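One structure coming up, written as structure tokens, with questions to follow.
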Amino acid sequence: MHTYHSNGSRLSTCVILICYLLMGTHHCVTPPKKDSCLVKDGKADCSHLRLSAIPANLPSNISSLDMSHNRMVRIPPESLKQYPGLLHLNMGYNSVTKLNEPFCLVLPLLQTLNMVRNEVHLLKETDLSNCTSLTWLSLASNRLKIKGEPFSALKSLEFLDISNNNLQSAKLGSQPQMPSLLNLNLAFSVFTTLKKDDFTFLRLSPFLQVLNLSSVPLKSLEPGCFKPIAGLHAVIMDGSNIGSPVISQLCSELGETSVQSLSLRKMKLVTLKNTTLSGLQKTNLTFLDLSQNDMTKVEDGSFQWLSKLEILKLSDNNFKHLNKFTFRGLKSLKKLQLTKALVKTRSTPIVDDFTFQPLGALESLILQRTAVWEITEHTFTGLVSLQELDMSWSSYASLRIITNKTFVSLAGSPLRTLNLTGTAITRINPGSFSHLRNLTVLLLDFNFIQQTFTGSEFEGLTRVEEMHMSNNHWKVKVSSTSFLHVPNLRVLTLGKSLNNSAVNLDVDPSPFKPLTNLTFLDLSNNNIANFRENLLEGLINLEVLKLQHNNLARLWKSANPGGPVLFLKGAQNLVTLQLDSNGLDEIPRGALRGLRNLSKLYLANNLLNSLKDSIFDDLVALQVLSLQKNLITTVKPEVFKAPTSNLSVLLMDKNPFDCTCESIQWFVTWLNETNLTAVPDLSDQYMCNTPLAYFNHSIMTFDTYPCKDMVPFQALYIFSSTAVLLLMATAFLVRFQGWRIQFYWNILISRTLGFTNRDGSREFQYDAYIIHAEDDTHWVERVIVPLENNNCSFYLESRDALPGMPQLQNIVDNMRESRKILFVVSEHLLNDPMCRRFTAHHALHQVIEESRDSVVLVFLQDVHDFKLSSSLFLRRGMLRSRCILEWPGHKERLQAFHQKLLIALGLTNQFRM
Ligand SMILES: *[C@@H]1O[C@H](CO)[C@@H](O)[C@H](O)[C@H]1NC(C)=O
Ligand SMILES: *[C@@H]1O[C@H](CO)[C@@H](O)[C@H](O)[C@H]1NC(C)=O
Ligand SMILES: *[C@@H]1O[C@H](CO)[C@@H](O)[C@H](O)[C@H]1NC(C)=O
Ligand SMILES: *[C@@H]1O[C@H](CO)[C@@H](O)[C@H](O)[C@H]1NC(C)=O
Ligand SMILES: *[C@@H]1O[C@H](CO)[C@@H](O)[C@H](O)[C@H]1NC(C)=O
Ligand SMILES: *[C@@H]1O[C@H](CO)[C@@H](O)[C@H](O)[C@H]1NC(C)=O
Ligand SMILES: *[C@@H]1O[C@H](CO)[C@@H](O)[C@H](O)[C@H]1NC(C)=O
């Protein structure tokens, strides 16, 4: 892509093609095709338009004009004259060959000029002489040939890029100039020598800080070449392949400057000699980058000169062996970056015991993606300031099984972060981290840990606040005691890690119970199907709970034995809850109760269909609600009005909406009216599934107007149908249960009118008044009469009626003298006119006035209730069940019948309803 195409569109096609090949389609966003300049906020973007002239129709007050990627061959002052307020002009990627026109005269305010990748050749003294306001100038990738002092007028220039111009010399002038310069980029120049007076033109530029000489193939530096710019802070020599002797020279020359940062990347420096950097001894160098050098060897004491160095980057090298002299003298080093610096080729690199001992100030040691033979009891000894150790994605045999010896060399370090991501750990033995008492963050993601944590593994980690154990291949098991020793935990991730065997989370007490400070818990992607209601008990600080991709459908089913498991009860301060992809088809009432802080609720990819009314009502703080890809057909206000009242984002696309008035009218009306809530993809992902007329139409095409016409009719319909139903119910009630109403009504009336219950302890002459038909006399004499004795006597009309007394008087008096009235019910009795008229009537009065206990029915035959009521005005339902007896007929049950009869007769008449 270094060749320049004057045809901008061919260039962009090429960019897109390469991008496509590198990243796949997703990341390639084609620059929007435009056929005229875009003007916004005073900036005009006229790039990629194949223009050969500056458009004349732009607003005259623009401050920025981008003309890059066009076909300009000159910078025409006559056109630019219209835009005198221009501060920024980008002419990059054009075909300008000369700057010989006075465009700066018409642009007196111009601050930045970008001429990258043009064809400017001769640069004369007068070309930029009127550009006195420029602070930023790039002439990179042209074909510059410098004549005279072309930059001498640039009094304000701070940044000058003239890289990639095949410059034969670093000397851009002989007069002192550019007094404000901060940054000079001479990368990709071809000069091989830095002469003593090359930088004298910057003699009076006291602010110069950065000098970029990347890929300049220097062969020699004359002594004192940096003297004119001794205030320099940073030198970049990346990719210059200059070899150790020249680096050595460079360092000696820089030794006379105040350089603080030196970048020596990609220099094919195979061995670092112990004298190469010696020239830097006098400096205060704090930053040195030696990455990507394929270095295999660092001689002992190579860094001894750099006692002020704070950051040393040695990434992407190939060291075979580090020993206790390698880092000698780096007593101020705070950060050592060794990412991919020790890699396994034929042999595994070796790091000796005490290698890091000289680094007493080191705070951060990055050993990412390294391979080392082993970690011994002294590997990290002496790192008394170490706070962060990152060994992620490394391959150390010693990390397979972590024991209490593995990190014993860190016992004296105030380590706070230990990154063991992707280090192939299979087991953590008890007490493994017990020496790391100041550890607050422990990362164990992407390992193969296969064990049940009993708690002793984390002994001593009393300060740990974050433990990440996701992606451990579903081999981790937890128990009630797992987290007993980490009471300060705030973040715990166990996604894609928990073994889904029957008893894992389903323990009592919950494994998380000791973690009262927990704010973030990730249990996602575990296929968990079961746990107890107390899983989150006491987690009052829990804010984020990730449970997506599990199998929790059964826990929330109302048909679950023991009822739905309302496990969120314990975590009332949740802010974010993720429950996507759980197969949920129900949200039980109370499942989300009390979650007044919940602001994000994710329920996508479930099977939710009809949601119960009010289930979301407590979610007063809800901001994001996601219900994508469910089976929701109906969006009713009873469910959704509360949660949508304050919502910022609603995600409910890809549901099979039912586009009828009752299902969706409210929703469509709300969508039309809401301006607080964003509903992405509303026009093309919210489709009607039913009825057929609307199938596959956007729900926004649903016309709610006809629904409104129906409202009065609907009310009328509801009213009339309710009235009819009520009437029918009353009719049925009266028809079938009217006697009962009447009966209890009578009882109530007699109570209120003062027929007080006669005293139960009153003396009666008889225990029972026996009513029977003539034809049943024989049965009465055989069964009832034998029950009489000293304590018990009956009144039998046929036997005890006083002769001479009127029959009715007899009945009235003796019934009053009897505690109970006993009917011997048979077909004969029902046909007896005397019974029907008077006896029964009176008995009924007794029942109403006294008590439901005072009448006992003995059935000799099965008699239908209807017949019973039509002849005796009594029903079974009026009496207590124990006052209704059936004559068994069988001899064996006779005893039981007698017993029941006595109980029925022996009861007091106390009315108990
Ligand atoms: C523009 O530059 C010319 C020399 O090229 C000079 O004579 C003239 O004074 C400058 N004008 C301004 C306004 O700086
Ligand atoms: C290094 O720093 C010290 C103290 O900050 C300062 O006195 C000294 O001049 C510096 N040396 C150089 C070469 O910049
Ligand atoms: C550099 O190493 C050589 C041998 O490898 C040794 O003789 C010499 O003393 C070392 N120089 C310094 C300054 O450490
Ligand atoms: C731990 O290492 C992983 C992988 O290199 C990295 O992505 C992550 O940012 C590191 N975490 C910390 C806290 O250093
Ligand atoms: C390591 O654990 C073993 C038992 O597993 C124990 O005997 C030993 O004392 C422990 N060592 C340290 C340094 O804690
Ligand atoms: C742990 O931190 C405390 C202060 O936070 C400090 O006093 C203690 O020395 C540290 N422990 C180690 C082993 O450095
Ligand atoms: C929890 O956090 C509070 C406040 O940050 C702190 O005082 C307490 O010690 C922590 N630990 C436990 C176990 O509560």
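Identify, from the list M72, M67, the residue that is among the aliphatic types (A, V, I, L, M), in contact with a strand residue (DSSP E or B) (Cβ under 9 Å, 6 or more places away or on another chain), open to solvent by less than 10 Å² (accessible area, probe 1.4 Å) and within 21 Å of S141 (Cα to Cα).
Details: M72 fails: in contact with a strand residue (DSSP E or B) (Cβ under 9 Å, 6 or more places away or on another chain).
Exactly one residue qualifies, and that residue is M67.
List every residue pair whose Cβ atoms lie under 6 Å apart, where the two residues are 6 or more positions apart in sequence or sit on different chains, the first residue falls within the range 632-654 and is of a type outside the set (A, V, I, L, M, F, W, C), and the second residue, located anywhere, is part of a loop (DSSP other than H, G, I, E, B) and crowded, with 18+ Cβ neighbours inside 10 Å.
P643/F616; P643/L619; P643/L622; D653/Q628; D653/Y686; K654/Q628; K654/K629
Let me ask something else. I'd like to verify a number: residues in the range 637-682 that are hydroxyl-bearing (S, T, Y), touching a Phe, Trp or Tyr at 6+ places or on another chain (Cβ under 9 Å) and within 25 Å of A693 (Cα to Cα), how many? Quick ask: steps written out before the conclusion?
Taking the range 637-682 as the starting set, the residues that turn out to be hydroxyl-bearing (S, T, Y) are 644-645, 648, 660, 663, 669, 674, 677.
Filter once more, so that each one left must be touching a Phe, Trp or Tyr at 6+ places or on another chain (Cβ under 9 Å): 644, 660, 663, 677.
If we keep only those that are within 25 Å of A693 (Cα to Cα) too, we end up with 660, 663.
Count: 2.
Against the definition (hydroxyl-bearing (S, T, Y) and more than 16 Å from ligand 6 (Cβ to nearest atom)), how does T423 come out, yes or no?
Working: hydroxyl-bearing (S, T, Y): yes; more than 16 Å from ligand 6 (Cβ to nearest atom): yes.
Criteria met by T423.
With the requirement that a residue be open to solvent by 10 Å² or more (accessible area, probe 1.4 Å), in contact (Cβ under 8 Å) with a residue 40 or more places away in the chain and under 21 Å from W887 (Cβ atoms), what does the range 793-829 give you?
Passing the criteria: only H828.
Could you give me the residue pairs with C-beta distances under 6 Å whose first residue belongs to the range 308-332 and is more than 16 Å from T379 (Cα to Cα), whose second residue is basic (K, R) wherever it lies, and which are 6+ apart or on separate chains?
From residues that are more than 16 Å from T379 (Cα to Cα), the pairs are E310/K334; I311/K335; S315/K340; D316/K340; S332/K308.
Scan the range 520-564 residue by residue and report those that are within 16 Å of ligand 7 (Cβ to nearest atom) and open to solvent by 40 Å² or more (accessible area, probe 1.4 Å).
Residues satisfying the conditions are F520, E537, I540, N541, E543.
Say whether the condition of being over 26 Å from D703 (Cα atoms) and out of contact with any Pro (no Cβ under 7 Å at 6 or more places or on another chain) is met by at least one residue in the range 622-643. Walk me through how you get there before you give the answer.
Taking the range 622-643 as the starting set, the residues that turn out to be over 26 Å from D703 (Cα atoms) are 622-624.
Pick out the ones that are also out of contact with any Pro (no Cβ under 7 Å at 6 or more places or on another chain) and you get 623-624.
Scanning the range 622-643, I find at least one residue that is over 26 Å from D703 (Cα atoms) and out of contact with any Pro (no Cβ under 7 Å at 6 or more places or on another chain), so the answer is yes.
Ok, one more. Can you name the residue in the range 669-727 that is over 32 Å from the mean Cα position of the chain (by Cα) and among the acidic types (D, E) and, of all such residues, is farthest from C659 (Cα to Cα)?
Step by step, filter the range 669-727, then rank; the result is D709.
Residues checked against (1) at pLDDT below 90; (2) of a type in the set (K, R):
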position	(1), (2)
V639	no, no
V649	no, no
K654	no, yes
N675	yes, no
F695	no, no
T704	yes, no
F719	yes, no
A723	yes, no
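Right, next: How about the range 565-587: which of its residues are surrounded by 21 or more Cβ atoms within 10 Å (Cβ to Cβ), in contact with a Leu (Cβ under 6 Å, 6 or more places away or on another chain) and assigned to a helix (DSSP H, G or I)?
Within the range 565-587, F567 is the sole residue that qualifies.
Right, another one. Do we have L489 as within 16 Å of ligand 4 (Cβ to nearest atom) and open to solvent by less than 30 Å² (accessible area, probe 1.4 Å) here? So that I can check it myself, show each step before the final result.
Details: within 16 Å of ligand 4 (Cβ to nearest atom): yes; open to solvent by less than 30 Å² (accessible area, probe 1.4 Å): yes.
The answer is yes for L489.
Still on this model: May I ask you to list the residues in the range 179-214 that are in contact with an Asp or Glu (Cβ under 7 Å, 6 or more places away or on another chain), open to solvent by less than 40 Å² (accessible area, probe 1.4 Å) and part of a loop (DSSP other than H, G, I, E, B)?
Of everything in the range 179-214, those that are in contact with an Asp or Glu (Cβ under 7 Å, 6 or more places away or on another chain), open to solvent by less than 40 Å² (accessible area, probe 1.4 Å) and part of a loop (DSSP other than H, G, I, E, B) turn out to be S180, L181, S214.
Only residues that are in a loop (DSSP other than H, G, I, E, B), surrounded by fewer than 17 Cβ atoms within 10 Å (Cβ to Cβ) and either among the acidic types (D, E) or more than 16 Å from ligand 1 (Cβ to nearest atom) (or both): list them for the range 136-148, please. Lay out the reasoning, then the answer.
Our first condition is that a residue be in a loop (DSSP other than H, G, I, E, B); within the range 136-148, this holds for 139-144, 147-148.
Now drop any that are not surrounded by fewer than 17 Cβ atoms within 10 Å (Cβ to Cβ), which leaves 143, 147-148.
The answer is R143, and nothing else.
Only one residue in S663, S683 is open to solvent by 40 Å² or more (accessible area, probe 1.4 Å), in a helix (DSSP H, G or I), of a type in the set (S, T, Y) and under 30 Å from L598 (Cα atoms). Which one? If you could, list the steps in order and put the result at the bottom.
Numbers: S663 fails: open to solvent by 40 Å² or more (accessible area, probe 1.4 Å).
From the options S663, S683, the qualifying one is S683.
Looking only at the range 358-384, count every residue that is more than 16 Å from ligand 6 (Cβ to nearest atom) and in a loop (DSSP other than H, G, I, E, B) and tell me the total. Break it down stepwise before answering.
Step one: list which residues in the range 358-384 are more than 16 Å from ligand 6 (Cβ to nearest atom), which gives 358, 366-379.
When the remaining residues are screened for being in a loop (DSSP other than H, G, I, E, B), the result is 358, 367-370, 373-379.
The number of residues fulfilling the criteria is 12.
So C251 ticks every box in (1) more than 43 Å from the chain's Cα centre (by Cα); (2) open to solvent by 10 Å² or more (accessible area, probe 1.4 Å) but one. Which box is left unticked?
(2)
Now for a different question. If you go through the range 385-407 one residue at a time, how many are away from ligand 4 (no atom under 16 Å from the Cβ) and either crowded, with 21+ Cβ neighbours inside 10 Å or part of a strand (DSSP E or B) (or both)?
Narrowing the range 385-407 to residues away from ligand 4 (no atom under 16 Å from the Cβ): 385, 397-398, 400-407.
Then drop every residue that is not either crowded, with 21+ Cβ neighbours inside 10 Å or part of a strand (DSSP E or B) (or both), which leaves 401-402, 406-407.
Residues flagged as away from ligand 4 (no atom under 16 Å from the Cβ) and either crowded, with 21+ Cβ neighbours inside 10 Å or part of a strand (DSSP E or B) (or both) within the range 385-407 amount to 4.
Only residues that are part of a loop (DSSP other than H, G, I, E, B) and over 53 Å from the mean Cα position of the chain (by Cα): list them for the range 218-248, please. Steps first, answer last, please.
In the first step, residues of the range 218-248 are kept if they are part of a loop (DSSP other than H, G, I, E, B); the result is 218-219, 222-226, 230-233, 237-242.
If the condition is that a residue be part of a loop (DSSP other than H, G, I, E, B) and over 53 Å from the mean Cα position of the chain (by Cα), then L218, K219, E222, P223, G224, C225, F226, A230 are the ones that fit.
Please work out if K268 is more than 16 Å from ligand 7 (Cβ to nearest atom), under 55 Å from the mean Cα position of the chain (by Cα), surrounded by fewer than 17 Cβ atoms within 10 Å (Cβ to Cβ) and among the basic types (K, R).
Numbers: more than 16 Å from ligand 7 (Cβ to nearest atom): yes; under 55 Å from the mean Cα position of the chain (by Cα): yes; surrounded by fewer than 17 Cβ atoms within 10 Å (Cβ to Cβ): yes; among the basic types (K, R): yes.
The answer is yes for K268.
Please pick out the residue among N534, N447 that is out of contact with any helix residue (DSSP H, G or I) (no Cβ under 7 Å at 6 or more places or on another chain) and either within 16 Å of ligand 3 (Cβ to nearest atom) or assigned to a loop (DSSP other than H, G, I, E, B) (or both).
Just one listed residue meets the conditions, N447.
Mind listing just one residue for me: the one in the range 104-131 that is more than 56 Å from the chain's Cα centre (by Cα) and open to solvent by less than 20 Å² (accessible area, probe 1.4 Å) and, of those, farthest from ligand 3 (Cβ to nearest atom)? Talk me through it step by step, then tell me what you get.
In the first step, residues of the range 104-131 are kept if they are more than 56 Å from the chain's Cα centre (by Cα); the result is 105-106, 121-130.
From the residues that got through so far, the ones that are open to solvent by less than 20 Å² (accessible area, probe 1.4 Å) too are 123, 127-128.
Working: L123: 46, D127: 51, L128: 49 Å.
So, considering only residues that are more than 56 Å from the chain's Cα centre (by Cα) and open to solvent by less than 20 Å² (accessible area, probe 1.4 Å), the one farthest from ligand 3 (Cβ to nearest atom) is D127.
Next question. Among (1) within 16 Å of ligand 6 (Cβ to nearest atom); (2) farther than 20 Å from E374 by Cα; (3) surrounded by 19 or more Cβ atoms within 10 Å (Cβ to Cβ), where does P414 come up short?
Condition (3) is where P414 drops out.
Let me ask you something else. Give the range 610-639 a look and list any residue that's under 23 Å from V544 (Cα atoms), among the hydrophobic types (A, V, I, L, M, F, W, C) and surrounded by 18 or more Cβ atoms within 10 Å (Cβ to Cβ), or say none.
I615, F616, L619, L622, L625, L627
Among the residues of the range 279-295, write down those that are open to solvent by less than 40 Å² (accessible area, probe 1.4 Å) and part of a helix (DSSP H, G or I).
Of everything in the range 279-295, those that are open to solvent by less than 40 Å² (accessible area, probe 1.4 Å) and part of a helix (DSSP H, G or I) turn out to be G279, L280.
I need the full set of residues from the range 419-478 which are of a type in the set (D, E, K, R), open to solvent by 40 Å² or more (accessible area, probe 1.4 Å) and within 16 Å of ligand 5 (Cβ to nearest atom), in order please. Before the answer, list the steps.
Going residue by residue through the range 419-478, those that are of a type in the set (D, E, K, R) are 427, 437, 445, 457, 459, 463, 465-466, 475, 477.
Checking which are open to solvent by 40 Å² or more (accessible area, probe 1.4 Å) leaves us with 427, 437, 459, 463, 465-466, 475, 477.
R427, R437, E459 - these are the residues of the range 419-478 that are of a type in the set (D, E, K, R), open to solvent by 40 Å² or more (accessible area, probe 1.4 Å) and within 16 Å of ligand 5 (Cβ to nearest atom).
Being aliphatic (A, V, I, L, M) and over 50 Å from the mean Cα position of the chain (by Cα) narrows it down to one of L186, L154, L182, so name that one. Show your work before the answer.
Numbers: L186 fails: over 50 Å from the mean Cα position of the chain (by Cα); L182 fails: over 50 Å from the mean Cα position of the chain (by Cα).
Matching residue, one of L186, L154, L182: L154.
The values are calculated or read from the model by the stated rules, or taken from the named source; none is laboratory data. Given the structure is predicted, the values throughout are model-derived calculations rather than measurements. All Cβ positions, even for glycine, are placed from backbone atoms using ideal geometry, and neighbour counts span all protein chains on display. SASA here: full protein model, heavy atoms, side chains in, ligands and nucleic acids out. Shrake-Rupley method; radii C 1.70, N 1.55, O 1.52, S 1.80 Å.
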